[in-house]
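Have a look at the structure below before the remarks.
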């Protein structure tokens with residue numbers, strides 16, 4: 001019984017050490033020492049190889065090495081193979097840190113003060129207390145709920161939206177098209193944490209921006225494919241949005257000369273909001289393999305019909 005990791009060899013070494021110490025009954029292999037393909041039951045990768053089904057006929061679980069699976073071509077995976085996204089505390093903690101930092105920077109006008117500094121302007125802006133700054137999250141999964149828990153102690157009025165109704169601690173929840181419109185109208189800072197699916201591609205567009213109060217801000221930590229770039233540029237340039245913080249783009253990295261690089265109201269970071277820790281990822285995968293062996297559903301099991 002073999003676990004195969006297809007990824008960076010530095011990460012492979014750290015994961016191998018965890019498997020050796022904590023799951024010696026599972027043979028760990030990587031792309032440089034793949035072993036017998038027929039014995040592979042568990043495989044971890046960012047993007048599955050095109051010949052995965054024929055190369056590993058005994059495959060049972062495929063793990064994404066990240067929190068999402070939009071990079072997977074599900075058509076390459078046999079229907080009996082379960083797909084599991086990474087659910088790991090440090091991955092959530094990193095996202096919480098990033099979104100809290102970005103939201104607080106927007107709340108306290110740090111980006112406006114940075115522009116003023118570059119223009120040598122000593123300009124005081126009105127200070128709003130947190131209860132007057134409304135923050136909404138698109139997406140109410142593990143990451144979205146973690147961000148809500150991280151923001152709650154500051155006293156911001158918090159809301160979240162997802163496709164299905166649910167109850168979320170510390171936040172009002174909205175669902176459906178009408179719920180989305182209602183939430184957006186009461187949002188000063190919008191955070192996108194949606195999975196990327198056919199339904200959410202291009203969701204951050206002109207129509208959505210128009211439903212926000214004038215001068216609202218955007219934080220996109222979902223995927224670059226959520227955003228219609230020209231619509232964001234137009235919204236920033238006409239003042240409908242006042243600032244955007246983008247950790248994801250399409251493509252990554254952006255090409256030289258792309259208008260996002262030099263735009264005064266866009267902060268770019270290179271997809272670092274939530275970074276996978278190899279050792280912790282290995283432990284999460286080992287735990288899910290054990291759950292699978294016991295006949296339990298793995299944590300982070302993907303519903304292929306929904307794409308997450």
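What to note about this one:
- Under the condition of being assigned to a strand (DSSP E or B) and surrounded by fewer than 19 Cβ atoms within 10 Å (Cβ to Cβ), the residues counted in segment 126-172 number 2.
- Any chance residue 103 is in contact with a helix residue (DSSP H, G or I) (Cβ under 7 Å, 6 or more places away or on another chain), crowded, with 19+ Cβ neighbours inside 10 Å and assigned to a helix (DSSP H, G or I): yes
- For residue 289, the stated conditions do not hold, so it cannot be described as surrounded by 13 or more Cβ atoms within 10 Å (Cβ to Cβ), at pLDDT 95 or above and within 21 Å of the chain's Cα centre (by Cα).
- Checked against the criterion of being loosely packed, with under 14 Cβ neighbours inside 10 Å and over 29 Å from the mean Cα position of the chain (by Cα), the candidates 21, 13, 37, 50 yield just one match: 21.
This table checks each residue for (1) in contact with a strand residue (DSSP E or B) (Cβ under 7 Å, 6 or more places away or on another chain); (2) more than 20 Å from residue 134 (Cα to Cα).
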{"residue": "212", "(1), (2)": "yes, no"}
{"residue": "217", "(1), (2)": "yes, no"}
{"residue": "239", "(1), (2)": "no, no"}
{"residue": "245", "(1), (2)": "yes, no"}
{"residue": "250", "(1), (2)": "no, yes"}
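Results for (1) at pLDDT below 95; (2) in contact with a helix residue (DSSP H, G or I) (Cβ under 8 Å, 6 or more places away or on another chain); (3) in the same structural domain as residue 219 (by TED's automatic domain parsing); (4) under 21 Å from residue 217 (Cα atoms), shown as yes or no for each residue.
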position: 147; (1), (2), (3), (4): no, yes, yes, yes
position: 150; (1), (2), (3), (4): no, yes, yes, yes
position: 159; (1), (2), (3), (4): no, yes, yes, yes
position: 166; (1), (2), (3), (4): yes, no, yes, no
position: 171; (1), (2), (3), (4): no, yes, yes, yes
position: 174; (1), (2), (3), (4): no, yes, yes, yes
position: 181; (1), (2), (3), (4): no, no, yes, yes
position: 185; (1), (2), (3), (4): no, no, yes, yes
position: 188; (1), (2), (3), (4): no, no, yes, yes
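Results for (1) in a helix (DSSP H, G or I); (2) in contact (Cβ under 8 Å) with a residue 40 or more places away in the chain; (3) at negative phi; (4) more than 15 Å from the chain's Cα centre (by Cα), shown as yes or no for each residue.
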| position | (1), (2), (3), (4) |
| --- | --- |
| 63 | no, yes, yes, yes |
| 70 | no, yes, yes, no |
| 93 | yes, yes, yes, no |
| 113 | yes, no, yes, yes |
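- Qualifying residue in segment 229-236 (condition: buried (at least 21 other Cβ atoms within 10 Å of the Cβ), touching a helix residue (DSSP H, G or I) at 6+ places or on another chain (Cβ under 6 Å) and at negative phi): yes
The values are calculated or read from the model by the stated rules, or taken from the named source; none is laboratory data. This is a predicted model, so every value here is computed, not measured. Here Cβ is always computed from backbone atoms with ideal geometry, including for glycine, and neighbour counts include all displayed protein chains.
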